[in-house]
């Protein structure tokens, strides 16, 4: 599989939905496979909140598999022998695209807390600029899970003529009150870190790692299913030799501590806040006074909506809301629920049914 | 209703399940109604993790209703015209009973981080000492919700002859992996507070209020049902005049911020950690290699188990586990699920069905 990683510069910048403007910006882009001559085999995959441009293959330096490597590759569900797959780190992220850790050209210092609020709509707009840069008029498919699924839906709304199909997995047309509440707890743990400095931590040469760790630990609890946690950890005690800390009794505590610690070393706290704010504020029907049917009327793409039974963060009923609205306004829409063993994270993992459904949808 | 608040001193101290010993201790006790001559009308109610001895009526100084005031009082479900209701702040708490903020007689400084781990079994043992002090050989009923329900169950196991009935509401025979995980996230947010000082914050004359606030915010999300949150807040934006902070967009965020802040002013962080550790470590069947049926065999009390449909922290199936085990070993056991609008917190609120079931159970 041919993999190419490229930092694409957009010197024209863009206006954001918040009213702010980025005078210029970069997107860190990774592509898999080759674009055909007609430029008709492009597939855009959109990452979830803590993801990045590295969606498939194994990165050169770090030996890390892409977040959707189980689904993207030669002969896989998203077949790179046939399709040219594109993924970019979203604006406001911390993996190479312009975000809070980037240098603000106005001040020559890192943006930090001054990085403007970004939205799902902004991301889709920037991805459209990327499509134009690549010469792709119409994606074969735009797909993603969780916050990535929201982008796939928004593509169908913002640019109805620029994609054939939209794959919306483990997602919703808007976040629920509980989703917002969980994100706010995570943000609060970051803000309360003594090293946060109201978002200006880079200027103090520190990072609010403790708060970020707690936030990620909470995230992990919401990504996994109750059953999966029970099967994986149960009430097993952590053996003393591999304890990460003296306060840990149960294995599940040790696991969360380990995962949180690891994440806090690599992710940026301001990005965490921006990404979750974008998730919370997303409402596909916001321009239609909350009327989802009216919002979906413009869609020309075929939709594939997949929900996972064990997902309690964005449970299948949230996908069903999109499906029902789509059906009522005559938008072509398939809706499937799968068992999914890993709760919300199920969208990341291959299973034969999941793979077949996606493969068939792309080829249909 | 006659209310009496009393600090009861136990100069003999007690040995804890951890192996540690408290050389002496106090319990802050509140009673409602009057003990009859035969001392046969006593009812013990056990508080949940952040509760205290103030279960009913309105406290003299603070104008705060007791946590079960909707259920305890003249002619209420737990009728103080007929019964003498007793509630105490649990050991390790922060409302008057001996806990981390108390003076350690060995050092003449506050216990702080040195306060020993306490368990549900320890609490029940201390409550038995309180029963002996009051001259009550046999409770008419021991009842509680959540962590209080665990104590009601443990009473039936530890002292089968010392209670007639046990009311176990919104509880479980053991915490699930997810319960433990959520508590660990809350504890981590406390530990990571720069003012925590590894539990020694009192010696530094500060409090880890930020961490405690985040912990409570998370707690609140788990206590409420998703539906209740949706109905109460939905995706409504917070109006600018009553925002608690500039980072708040949605009403639900404002509510959590307010609740968390309030709690962090009154609760002790070490108590938070102790109470949640007690909850996590509780396993009614721990002395029987996890075999709940074997554990319940000794029970002589009649059990009433109530679960609430909207409770996702201790959902009804957790009560059903107790019921099935009880049935299989011929323990008298009634099991009811109620709608409950407030999620896990439903056990705190009166409804006609809930009240009638408890009333009938007591009188049966």
### Task
Only Cα pairs under 8 Å and at least 6 apart count here; give the relative contact order of region B:179-276 as a rounded whole percent.
30
### Query
Given a cut-off of under 8 Å on Cα pairs at least six residues apart, what relative contact order in percent is computed for chain B?
17
#### Entry: Gaussian network model of chain A, springs between alpha carbon atoms under 10 Å - residue of A:252, A:29, A:85 with greatest fluctuation
A:252
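Please state, to two decimals, what the Cα-based radius of gyration of region A:1-80 comes to when divided by 2.2 N^0.38 Å (N = residues).
1.27
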#### Entry: Rotationally averaged projected area of region B:218-266 (alpha carbon convex hull; nm²)
3.7
### Query
Given the rule -39500 (n - 2.57) for each run of at least 4 DSSP H residues, summed and divided by the residues of chain B, what is its mean residue ellipticity at 222 nm, to the nearest 500 deg cm²/dmol?
-10500 deg cm²/dmol
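Within 10 Å of each residue's Cβ, count the other Cβ atoms and sort B:353, A:174 from fewest upward.
Ascending number of Cβ neighbours within 10 Å: B:353, A:174.
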### Message
Report the Rg/Rh value for chain A, based on alpha-carbon coordinates and the Kirkwood definition of Rh.
### Response
0.96
### Task
Kindly put B:327, A:275, B:28 in sequence by how many other C-beta atoms sit within 10 Å of each C-beta, fewest to most.
B:327, B:28, A:275
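With r as the distance between the Cβ atoms of residue B:15 and residue B:203 and R0 = 22 Å, compute the FRET efficiency 1/(1 + (r/R0)^6) and round to 0.05. Mind dumping the intermediate values first?
Details: r = 27 Å, r/R0 = 1.24.
So, using R0 = 22 Å, E works out to roughly 0.20.
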## Note on the structure
Distances in nm between the label point of residue B:206 (7 Å along Cα→Cβ) and its equivalents in the other copies, shortest first, are 1.0
### Task
Along Cα-to-Cβ, 7 Å out, sits the label point; list in nm, shortest first, how far the one on residue A:360 is from those in the other copies.
5.0
### Query
What span do the alpha-carbon atoms of the protein assembly as shown cover on each of the three principal axes, reported in whole Å from largest to smallest?
95, 53, 52
### Summary
Percent relative contact order for region A:83-142, counting Cα pairs under 8 Å at least six residues apart, stands at 21
### Task
Under a 10 Å cutoff between Cα atoms, tell me which one of B:11, B:138, B:82 has the largest fluctuation in the Gaussian network model of chain B.
B:11
### Query
Axis carrying B onto A: which residue of B has the nearest Cβ, and how far, whole Å?
B:194, 2
### Task
Please work out whether region B:179-276 counts as rounded, prolate or oblate from its C-alpha gyration tensor, where a ≥ b ≥ c are the square roots of the eigenvalues and a/c under 1.5 means rounded, while otherwise a/b larger than b/c means prolate and anything else oblate?
oblate
### Query
In Å and whole numbers, how far do the C-alpha atoms of region B:120-164 stretch along each principal axis, longest first?
27, 20, 15
### Query
When chain B is treated as a GNM, springs tying every alpha-carbon pair under 10 Å, which of B:218, B:141, B:163 comes out with the largest mean-square fluctuation?
B:218
### Query
For region A:164-207, what is the Kirkwood hydrodynamic radius in Å, using each pair of distinct C-alpha atoms?
13.1
### Message
Starting from the 7 Å offset along Cα-to-Cβ, what nm value, one decimal, do you get for the label separation of residue A:64 and residue B:137?
### Response
6.9
## Note on the structure
Given a Förster distance of 51 Å, the FRET efficiency implied by the Cβ-Cβ spacing of residue B:232 and residue A:37, rounded to the nearest 0.05, works out to 0.35
#### Entry: Whether region A:94-214 is rounded, prolate or oblate, judged on the alpha carbon gyration tensor where a/c under 1.5 counts as rounded
oblate
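Laboratory data are not the source of any read-out in this text; all were calculated from the coordinates shown. Here the structure is a predicted model, which is why all the values come from computation and not from measurement. Cβ coordinates were reconstructed from backbone atoms using ideal geometry, including for glycine residues, and neighbour counts include every protein chain displayed.
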